[in-house]
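This report refers to the structure that appears directly beneath it.
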Amino acid sequence: MRNDLKPSRLSLRDLLGVGAVGLRARRARVVLSALGIAIGIATMVAVVGLSESSRADLMAQLDRLGTNLLTAEAGEDENGKPIKLPKSAVAMVERVGPVQHATGTADIDARIRRSDVVPEERSAGVIAQAVGVDLLSTLGGEVDRGTWLDAASERLPTTVLGAVAAERLGVTRTGETIMMNSTRVVVVGILRPLELVPNLDRVAMVGFPAAESHFAFDGHPTTIFERSTDASVEDVWAILPRTISPGNAAGVKVSRPSDALAAKAATNEGLTTLMLGLGAVALLVGGVGVANTMVISVLERRQEIGLRRALGATRNAIRLQFLTESLLLSGLGGITGALLGATATYGFAQAQGWTTVVPPWSLAGGLAATLLIGVIAGLYPAIRASRLHPTVALNGT
């Protein structure tokens, strides 16, 4: 009798074939178990992909709009009364070295109606403001229809409407007229939405000279917009209040509109963390489903295990069989989930007009998580199957 005989080892191909047998025999159960894993992975991939796509879109907006726009508004004095910015405030800001553009706007007392047949008390929810002719170049805005104010039209009863203002008034083309108080004003232009200063979308804008001659405007701006070089934004921020109002710098509020986009990106990051947690919970539930499937599989296949052991299969071979089956089940769910998550990300991003971004690490991490779950979920059933005594297993007891 030879004493050097050793148990044969299953090749990788044979191991995958043996592991797949159990999955093919219980297809409905396999699909349901894999679905739990797929939902968890799809959630995690989609959350990361949509967050990155949204963030990439926000960063592209910031790059396009710039982060060097500052807004200064009139605040209140020590007694809580609104202050007035000097008439020369814009000119004083323009004298600051790094400043490239500066312009102002001012609220004017004018009730806006679509026509003179509309009662004055029924305004359209549109406000009127006096603006400088360089407002559009300072904000980087664009005219959708018509023209912007120029040196001639800023002195006449003409207006340029923000995108929302035109919609509320029902104005669809230039040349139409609206009423500001009792003055008939011609619409010469309609703007595209202003991404950095959306409040101007609801405004009917007239030139400073026209506001003074037709609407008793006193010439004091209420908001000043300023663009400087990127490297000097913080320095200009520090001196802007004293420059605009030397006698009451504390009454000038300075903000940077692009900070809202940056805050939105930070908010998205926090929501991503929350959604990833929910995805992890779904993945955990899917792992429990895999473990349950594998335990039931061991109980149902006791005679098969006993027969294999009686024919010479080692305990290690039985363990590897059931671990492979668990890994295949989890891997099936992981691959399906990764594809679903990437597809959902692409579809939603295209609908929103974003550039689709699916980080490779999210796909690799999702698949790695499924394999880890497969090992953990299949370890106990595999060990239990390998410990079955052939005689007991064949008897089905």
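The values are calculated or read from the model by the stated rules, or taken from the named source; none is laboratory data. From a predicted model like this one, the values you see are computed outputs, not experimental measurements. Heads up, the Cβs are rebuilt from the backbone with ideal geometry, glycines too, and the neighbour counts pull from every protein chain shown. SASA here: full protein model, heavy atoms, side chains in, ligands and nucleic acids out. Shrake-Rupley method; radii C 1.70, N 1.55, O 1.52, S 1.80 Å.
At-a-glance table
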{"read-out": "One residue from Gly331, Gly337 being at pLDDT 80 or above and surrounded by fewer than 20 Cβ atoms within 10 Å (Cβ to Cβ)", "value": "Gly331"}
{"read-out": "So Ala91, is it at pLDDT 85 or above, under 30 Å from Val126 (Cα atoms), open to solvent by less than 80 Å² (accessible area, probe 1.4 Å) and part of a helix (DSSP H, G or I)", "value": "yes"}
{"read-out": "Boolean, Val133 is among the β-branched types (Val, Ile, Thr), in contact with a helix residue (DSSP H, G or I) (Cβ under 9 Å, 6 or more places away or on another chain) and in a helix (DSSP H, G or I)", "value": "no"}
{"read-out": "In the stretch 212-235, residue most open to solvent (accessible area, probe 1.4 Å) [restricted to those that are in contact with a Pro (Cβ under 6 Å, 6 or more places away or on another chain) and not in a strand (DSSP E or B)]", "value": "His214"}
{"read-out": "Condition met for Leu372 (free of Cβ contacts under 8 Å to residues at least 40 places away in the same chain, in a helix (DSSP H, G or I) and open to solvent by 10 Å² or more (accessible area, probe 1.4 Å))", "value": "yes"}
{"read-out": "Any hit, the stretch 121-133, residues being out of contact with any Lys or Arg (no Cβ under 9 Å at 6 or more places or on another chain), farther than 26 Å from Asp218 by Cα and either among the hydroxyl-bearing types (Ser, Thr, Tyr) or in contact (Cβ under 8 Å) with a residue 12 or more places away in the chain (or both)", "value": "no"}
{"read-out": "Residues satisfying the stated conditions in the stretch 170-201, i.e. part of a loop (DSSP other than H, G, I, E, B), of a type in the set (Val, Ile, Thr) and more than 15 Å from Ile112 (Cα to Cα)", "value": "Thr172, Thr174, Val197"}
{"read-out": "Subset tally (residues that are more than 40 Å from the chain's Cα centre (by Cα) and open to solvent by 60 Å² or more (accessible area, probe 1.4 Å)) for the stretch 173-211", "value": "2"}
{"read-out": "Any pair with Cβ under 6 angstrom, 6 or more apart, that starts in the stretch 144-168 at a residue that is over 22 Å from Pro193 (Cβ atoms) and ends at one that is open to solvent by 30 Å² or more (accessible area, probe 1.4 Å) and in a helix (DSSP H, G or I)", "value": "Glu154/Pro209; Arg155/Pro209; Pro157/His214"}
{"read-out": "Options Glu154, Glu167, Glu120: the member that is among the charged types (D, E, K, R), assigned to a loop (DSSP other than H, G, I, E, B) and either surrounded by 15 or more Cβ atoms within 10 Å (Cβ to Cβ) or out of contact with any helix residue (DSSP H, G or I) (no Cβ under 7 Å at 6 or more places or on another chain) (or both)", "value": "Glu120"}
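For every residue, the table says whether it meets (1) open to solvent by 40 Å² or more (accessible area, probe 1.4 Å); (2) modelled with pLDDT of 75 or more; (3) closer than 18 Å to Trp237 by Cα.
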{"site": "Ile41", "(1), (2), (3)": "no, yes, no"}
{"site": "Ala60", "(1), (2), (3)": "yes, no, no"}
{"site": "Leu69", "(1), (2), (3)": "no, yes, yes"}
{"site": "Pro98", "(1), (2), (3)": "yes, yes, yes"}
